[in-house]
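Read the structure below first, then the notes.
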Amino acid sequence: MNDNEIKNPDLSETPEVETKPQTPAYTEWRKDAKTLYNNGLPEEEKDWFCDARPQKARKSVQVIEDFLNWARSQSLWILAFGTGCGAIELRPLVTSRYDISRLGMQPRPTPRQANLIMIGGYVSIKTLKRIVRSYEQMQGPKFVVAVCSCAINGGMYWDSYNTVKRIDEYIPVDVYVTGCMPRPEAVLAGFNKLKELIRAGKAEGQNLYAEKFDWYKENQKQVIKDWNMPDYNW
Amino acid sequence: MESLYPPIVNGKAVYDLNSQKYLRVWQGPQHPGVTGNMSLELDICGDQVIKCNTHVGYLHRGFEKLMERRRYINCFPIVCRICVPEPDTNEYLFAAAMEDLMGLEIPEKALWLRTLDLELSRLASFLMHLGGQSGAFGMGTVAQWTIAYRDYVLDLFEELSGARIYHMYMTPGGVRGDLPDGWIAHARKVLDGAAKLLDEIRHVMLNNVLFKQRAVGLGVITLDMVDRYGIVGPNARCTGLKRDVRKDQPYLVYDQLNFDVETETAGDAYSRTLIRWRETHQSISLCHQILDKMPKTGAVHVTLPNVLHLKVPAGQTYVRAESTRGEYGYFMVSDGSEYPRKLTVRGPSYTHAMALLEDLLVGVNIADVAGLMVSLHTYPPEIER
Amino acid sequence: MTLALKIIWAFISLGVVTVWGLTLNGIVHKIFARVQGRLGPPVWQPFLDIAKNNSIRTAITHGIMFYLGPVFRIAGGIGTYMFIPVLFGSAHFANFSMSGDVLLVMYFIFFGQLGMALGAGEGGHPYSAIAVSRGLSQMTAFEVPFALSVISLALQYHTLSITEIVAAQQGSFLNWTLFTNPLAVIAAMIAMLGMNMYNPFSLVIAPQEIPIGPPTEYQASFLGLLATNRGIFNGAKLVLFMNLYFGGATNLVELIIKTFWIYMFSVFIGAAYPRFRTENSIRFFLKYPTALGIIAVLLFSL
Amino acid sequence: MEQLFKELKHHFAVMELTIKHPDLAFLQVPREQLVSLLTHLRDIKGYTHLVMVTCIDYLEENTFLLTYLLHNYAAKTDLGVQVPLNRAEPVMESIHHLWEQGRVYQRELYEMFGIDFPGSPDVHEPMILEGWQGPPPMRRDFDTKAFSEATYSHRPRDHKEPEEYMKQQLYPED
């Protein structure tokens, strides 16, 4: 039995041709971009992700919106993602000396529940990919505070081959905090500034991202060479 | 009935992820249980890890490339960025490597000040680690205490060098400045407070039943693993080996200070924590000794020629120092020009977090992954530089 | 009193206990912060968090069960509360205690967590799945001593109706179950540690191990609903324990004082201990508290 | 050190020995004999601790100088064993069977210098760089400044070269 099977190979099956998903340049498929073309994904994974583009959020009545903005500014939840050197100052920030829980802020371990992502310092390409994913998974009005000068203009890694030089080309940034390292007081001042912006209704990075989505994607794909994730992973 | 766990064929677990029995979870880079910005790719069966891949490189900045195109004195500000929680070791080693190549003799007082700076940074890093160790087992209180107290040590650095985290204090040829007025009294106060805090930690954390229950017998490092994996520092000392660069090859003034190498024999996470707790006391006592024996007056640095055009004679050297994680080394090659030819950093976390962790994590309950990883005391920035 | 009035008063007392439970959460955060040497968030922070969570613009769902999870949870919380008499002797704050007894309440305590487990399972996050298995196993573990102590109470007072149990404890504080049946009280209080999910029994939302458990995928108004339920459920549990073991309350001030101290019992322990492993936690619950419960049952069955 | 060097000369074709310190020396060895020499040093001479593996790129001499630094805990001496490799086809024998962390160093060397180590476990897996296209970045002929300026968009600034400016401020004479 066995050697028979071994002898004659079953000719019924045609050898499978591996079809790797071709990834066209962004501008090619971008013109008819009603829905996203999740290129770079394996075929069986494509239906795991929705193809909806991010939409501009509707605002309600001004009075209600003001109250909601106040509530948002009163309880900011930080995504506990130490992207660089700046993460070393996130720990003193939650301890007794500079206690951000006074301001109603607390670190959350999951991007679903976080409103604020703190870019701590330089961002390497590998980290940028994760930052984009985390940022897109965050819900609602979401805010970005970029700490350290490396996130602003590359800092002292201005000629490094692996760090992006300005983070605001890849995700919208609300508040910058300069310095290397910035003192925790400076970070606290940045958070307070962000609160003022939120109360004034000026921190609309989510809508900006939805508006200039194509531009952001183009910038991200210029630096992230192996794009093996969906284009918008809500 | 066949066992739930996959069969082990010559050291590797053979299993199929698509059979619905095994789960692949990623811990990190965005995970509060993972120290710093690195990630573990865990294949778990039930709640037991059967395979682990460590992924680093989220913090890669290409230091060694950047230093090749910077002058020596321009390299100096960026070396301390290699290890964020304990930058002074990098500063000292870079300066020491330069002085070794140039044959510089730095004044007596600078040696003492450098030792003081190193010990203070060891103290700060140890405090941070003890907090992380307790936090990894869910005791956030001790983490809050220690990390909050670390700020007072950082205040000392700030008075000394003007910076909290990155204090470029140990320049090539000495240190930047002498101790400010009233610094010694302030330092002694902070050190005494740290000693008090450590006693509280012993009561709350080290003598805690649940902490022992979780840490004892977790991630045992055996004696034969030490050389095979290149384990250094407390991770090697927890197996009973007396290996401490400060004793073996005394640098600076460590031969004039009296301390002994702390060792344990169990080799598990609890003994590592004990060793680090004792070494924190040791750092405090060393700081006191330095403040006692230090020469009160004297020059603190030699004046170099125009540092922008500083030429270092050709040659290659390797200098090492004992950081909180163990042996930290700089390998510097100069070709006689204004730019370093090659500068390689040997971070102790390199082998601990890559080769060792991947093998220690196999068979560990997923609840203990964070505790085991923290107990190895790894800092990702010095892995990928 | 007509049924309509009863319903109205039941919802009034529900509002009262929700506010009190959320305030308790704020106080707990404050206490943890003080133990850690911090100033801590303001006491009304839970309310702000709920307002913020309901103000999130976008929300992601993973299916029907994902929707229904928080609904089941809050249904369990409200159901637990609805069948407990809040104030002894008050016709207004009696809820529907005449139609339900301890067994129904215990069923509701299970119910919410099971619904949450289903919802979290559909969330699809591996950490949620691990946390659900942890939580359910731990819940089955701590339900054993709790059930034993309740059985012991039933044998002691020859009834299962909470109102009658409270009535039997009136008079002097020496009539409390705390003094008449201490073993059952100890077993039940240890079970409550597991119910409140503070350290060392915070296996389910262990941030360093499986961040952060079942609600990993829950955001926006789902999370707001869960936070609201945390207030209701805590309040209901505390009122239940106060009624069963600490002689109930005759006015709101007594209720607030007693529930506060019952809650602090688990909080003070949680502030100073690391976290159990799952198997150790189960072993712990099945060892001493179960033994105490069995002894308590035997004492009153003889 | 000299004693050790004399003993080694009997068995291996070790090239010149440069003694930097009494406890730090470097010697060169042809690439065929490296693994046997390392095994000899580890098992017999007591150099049990592989401190690090690194590579020096001599572009003008068209060689990689692969450096294995060993440490002897008993004698407290360091020995750097250096192997010149041809820059054209950099291939080296793997030492992952001698030291476990060798494979990690070899992964990094393959990624950063393009030196291949046949037989080393998952040496071709990307370790630090992700989706890296282009030459191995640590080679001398890779210009990181040009690469970063071509790849990333820099934030514009006022065109005052800091180096020139500081030079005029600090050392106006030269």
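Computed from the coordinates by the stated procedures, all read-outs in this text should not be read as laboratory data. All of these numbers come straight from a predicted model, not from anything done at the bench. Quick reminder, even Gly has a Cβ in these numbers, built from the backbone with ideal geometry, and neighbours come from all protein chains shown.
Each peptide in D:20-27, C:65-72 was scored by the mean count of other Cβ atoms within 10 Å over its residues; highest first, the order is C:65-72, D:20-27. Mean sequence separation of contacting Cα pairs (under 8 Å, at least six apart), scaled by the length of chain B, corresponds to a relative contact order of 26 percent.
How do the peptides D:32-40, C:182-190 rank, highest first, by the average count of neighbouring beta carbon atoms within 10 Å per residue? Kindly include the intermediate steps, with their values, before the conclusion.
Numbers: D:32-40: 16.4, C:182-190: 23.3.
For the peptides D:32-40, C:182-190, the packing ranking is C:182-190, D:32-40.
Comparing D:130, D:111, D:16 in a Gaussian network model of chain D where C-alpha atoms under 10 Å apart are linked, the largest mean-square fluctuation is found at D:130. Summary value for chain C: 28 percent relative contact order, contacts being C-alpha pairs under 8 angstrom separated by 6+ residues. Cross-link partners for residue B:296 among the lysines, with Cα-Cα distance under 17 Å and sequence neighbours closer than 8 places in the same chain left out: B:109.
For segment D:72-104, trypsin sites (Lys or Arg not before Pro) meeting the loop criterion (DSSP other than H, G, I, E, B) and having at most 14 other Cβ atoms within 10 Å: D:76.
Please identify, among B:29, B:250, B:305, the residue showing maximal mean-square fluctuation in a Gaussian network model of chain B using a 10 angstrom Cα cutoff. The residue with the greatest mean-square fluctuation here is B:305. Beta bridges assigned by DSSP with both partners in the protein assembly as shown are antiparallel in approximately 75 percent of cases.
Step through the table entries A:165/D:20; A:142/B:51; B:65/D:20, compare each Cα-Cα distance with 30 Å, and write down the pairs that go over it.
Over 30 Å Cα-Cα: A:165/D:20; A:142/B:51.
Ellipsoid fit via the Cα gyration tensor, segment A:94-190: semi-axes of 22, 18, 10 Å, each the root of five times an eigenvalue, largest first. Taking chain C as a Gaussian network of alpha-carbon nodes connected by springs under 10 Å, the highest mean-square fluctuation of the residues C:204, C:132, C:16 belongs to C:16. Look at the dipole of the protein assembly as shown built from charges on Cβ: of A:138, B:314, C:7, the Cα furthest out on the positive end belongs to C:7. Partner shielding of B:81-88 amounts to 3, given as the average count of beta-carbon atoms from other chains within 10 Å of each residue beta-carbon. Applying 1/(1 + (r/R0)^6) with R0 = 30 Å to the Cβ-Cβ distance of residue B:26 and residue A:186 gives a FRET efficiency near 0.35. Under the convention that each Lys and Arg Cβ holds +1 and each Asp and Glu Cβ holds -1, the size of the dipole of segment A:63-223 around its Cα centre is about 440 debye. Each residue of segment C:43-49 is assigned a 3J(HN,Hα), and the resulting list reads 5, 8, 4, x, 5, 4, 4 Hz, derived from the Karplus form 6.51 cos²θ - 1.76 cosθ + 1.60 (θ = phi - 60°), x at Gly and Pro.
Within segment A:50-139, which trypsin sites (Lys or Arg not before Pro) sit in a loop by DSSP and count at most 14 neighbouring Cβ atoms inside 10 Å? If you can, show how the numbers build up before the last one.
Details: sites: A:56, A:58, A:59, A:72, A:97, A:102, A:112, A:126, A:129, A:130, A:133; in loops: A:56, A:58, A:59, A:97.
For trypsin sites (Lys or Arg not before Pro) across segment A:50-139 that sit outside H, G, I, E and B with at most 14 neighbouring Cβ atoms in 10 Å, the list reads A:56, A:58, A:59.
Mind putting a number on the dipole of segment B:1-157 about its Cα centre? Charges go on the C-beta only, +1 for Lys and Arg and -1 for Asp and Glu, and I need it in Debye to the nearest 20. Show your work: numbers first, answer last.
Details: 14 positive and 18 negative charges, 95 e Å.
Taking the Cα centre of segment B:1-157 as origin, the dipole is about 460 debye.
Across peptide C:32-42, the mean count of Cβ atoms from other chains lying within 10 Å of each residue's own Cβ comes to 6. Between 0 and 90 degrees, the angle of helix B:108-136 with respect to the longest Cα principal axis of chain B falls at about 20 degrees.
Net charge around residue B:132, counting only other residues with Cβ within less than 12 Å of its Cβ (Lys, Arg = +1; Asp, Glu = -1)?
Its environment carries a net charge of +3.
Given only helices, namely DSSP H runs of n ≥ 4 each adding -39500 (n - 2.57), what is the per-residue ellipticity at 222 nm of chain B, to the nearest 500 deg cm²/dmol?
On the way: 14 runs with 161 residues, N = 385.
Calculated from helices alone, the mean residue ellipticity at 222 nm is -13000 deg cm²/dmol.
Compared with the dominant Cα axis of chain B, that is its longest principal axis, helix B:88-102 is turned about 50°.
Ranked from highest to lowest mean number of other Cβ atoms within 10 Å per residue, what is the order of the peptides C:269-276, C:288-295?
Working: C:269-276: 22.2, C:288-295: 19.0.
The densest-packed peptide leads the list: C:269-276, C:288-295.
Can you give the charge dipole size of the protein assembly as shown about its Cα centre, rounded to the nearest 20 debye, using +1 on the beta carbon of Lys and Arg and -1 on the beta carbon of Asp and Glu?
On the way: 104 positive and 112 negative charges, 664 e Å.
The calculation lands at about 3180 debye.
Ranking B:111, B:144, B:32 by Cα position along the charge dipole of chain B, where only Lys, Arg, Asp and Glu carry charges on their C-beta atoms, puts B:32 farthest toward the positive end.
From Cα pairs below 8 angstrom and at least 6 apart in sequence, can you work out the relative contact order of segment B:86-307, rounded to a whole percent?
Numbers: 286 pairs, mean separation 66.5, N = 222.
The value is 30 percent.
Axis angle, to the nearest 10 degrees, between helix D:2-11 and the longest C-alpha principal axis of chain D: 70 degrees. The mean number of Cβ atoms from other chains found within 10 Å of a Cβ in peptide B:21-29 is 3, as a whole number. The residue list B:174, B:352, B:67 was ranked by how far each Cα lies along the charge dipole of chain B toward its positive end, using unit charges on Cβ atoms, and B:67 comes out on top.
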